[in-house]
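So the structure is just underneath, and the comments pick up after that.
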Amino acid sequence: MYRRSVLPVANFVFSCALMGFSAVAGAAGDPAKGAELATTCMGCHGIAGYRNAYPSYRVPKLGGQKPEYLVIALQQYRAKTRNHPTMQAQAASLSDEDMQNIAAFFAGQGELQTGSPREGAAAARGKAKAAVCAACHGETGASAAPTWPSLAGQHRDYIEHAIAGYKTKVRQDPVMQGQAMSLSDQDVRDLAAFFSAQPGLFTVHYR
């Protein structure tokens, strides 16, 4: 039996505000230095549709993502509160300054892409369910808050994988864990379909 799909919006907005104050931002890095450091990142994140071996899902697009959020994500890998052996190993060798530089590089490759979203029944269902996500991630997945990621255009299977990580507490984030636990498997598929169908994030390639 599926759980209730959403939590009260007011509680969610309040939780987002708390997380915004507690998150560590600071991503005013040097994109030129970041480009040098990001060489090892490009073997996965610089290839469109590149897949994680096991479990199999496409690695996230980083182009157009919030630099502050990228720093937070790298810090979580370094602290091992986000689980991925390769990313944990990569982040372990990075200083905070290195992370800021890498984030500045990826974020500096362009703004979120624009255009017409793709249509589909799952995306239509997801649009209605995504209202509770809008406070932090924006109505169409383009976040206005620097410490919360944009989801628009992200790979569908990666979004599903990320939400599953919060549901199983492999990813440590009290707000997202609370939200994820309220979602049924169908909710997760529909939300991923909606956000991935929106124009937004893109794969960064070497020029």
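A few points about this structure:
- Segment 130-164 residues near the modelled residue 124 label - backbone nitrogen below 18 Å, point 7 Å along Cα→Cβ: 130-131
- Linear extension gain, residue 177 paired with residue 96, 0.36 nm per residue minus alpha-carbon span: 26.6 nm
- Residue-count net charge about residue 145 - beta-carbon cut-off 15 Å; Lys, Arg +1, Asp, Glu -1: -2
- Over all projection directions, the Cα-based convex hull of the chain averages an area of 11.0 nm².
- Nearest-20 debye value, segment 37-171 charge dipole, Cβ charges on Lys, Arg, Asp, Glu: 600 debye
- Of the solvent-accessible surface of segment 57-207, computed with a 1.4 Å probe and all protein chains present, 53% belongs to carbon and sulfur.
- Sorted on the mean count of surrounding Cβ atoms within 10 Å across their residues, most packed first, peptides 64-75, 103-114 read 64-75, 103-114.
- Nitroxide proxy distance, nm - points 7 Å out along Cα→Cβ at residue 157 and residue 134: 3.1 nm
- Once the Cβ-Cβ distance of residue 168 and residue 30 is raised to the sixth power relative to R0 = 41 Å, the FRET efficiency obtained is 0.65.
- Overall form of segment 118-159 per C-alpha gyration tensor (a/c, 1.5; a/b vs b/c): oblate
- Averaged per residue, the chain has 51 square angstrom of accessible surface, using a 1.4 angstrom probe with ligands and nucleic acids left out.
- Contact order relative to length of the chain, as percent, for alpha carbon pairs under 8 angstrom and 6 or more apart: 33 percent
- Neighbourhood charge, 13 Å Cβ-Cβ cut-off, centred on residue 98 and excluding it, Lys, Arg +1 and Asp, Glu -1: -2
- For segment 29-101, the spread of Cα coordinates along the three principal axes comes to 32, 25, 19 Å, biggest extent given first.
- Here the alpha carbons of segment 91-207 define both size measures, Rg and Dmax, at 15.0, 44 Å.
- Multiplying the residue separation of residue 83 and residue 116 by 0.36 nm and subtracting their alpha-carbon distance yields 8.5 nm.
- Order by protection proxy (mean Cβ within 10 Å, highest first), peptides 151-160, 187-196, 119-128: 187-196, 151-160, 119-128
- Mean-position separation - Cα centroids, segment 165-207 and segment 51-102, in angstrom: 15 Å
- Residue pairs, from the table 33/167; 61/129; 80/129, whose Cα atoms sit over 27 Å apart: 33/167; 80/129
The values are calculated or read from the model by the stated rules, or taken from the named source; none is laboratory data. Just so it is clear, the structure is predicted and the values come from calculations on it, not from any experiment. Here the Cβ is made from the backbone with ideal geometry for all residues, glycine too, and neighbour counts use every protein chain on show. Ligands, DNA and RNA are stripped out before the accessible areas are found, and what is left, the full protein with its side chains, is counted by its heavy atoms. Shrake-Rupley method; radii C 1.70, N 1.55, O 1.52, S 1.80 Å.
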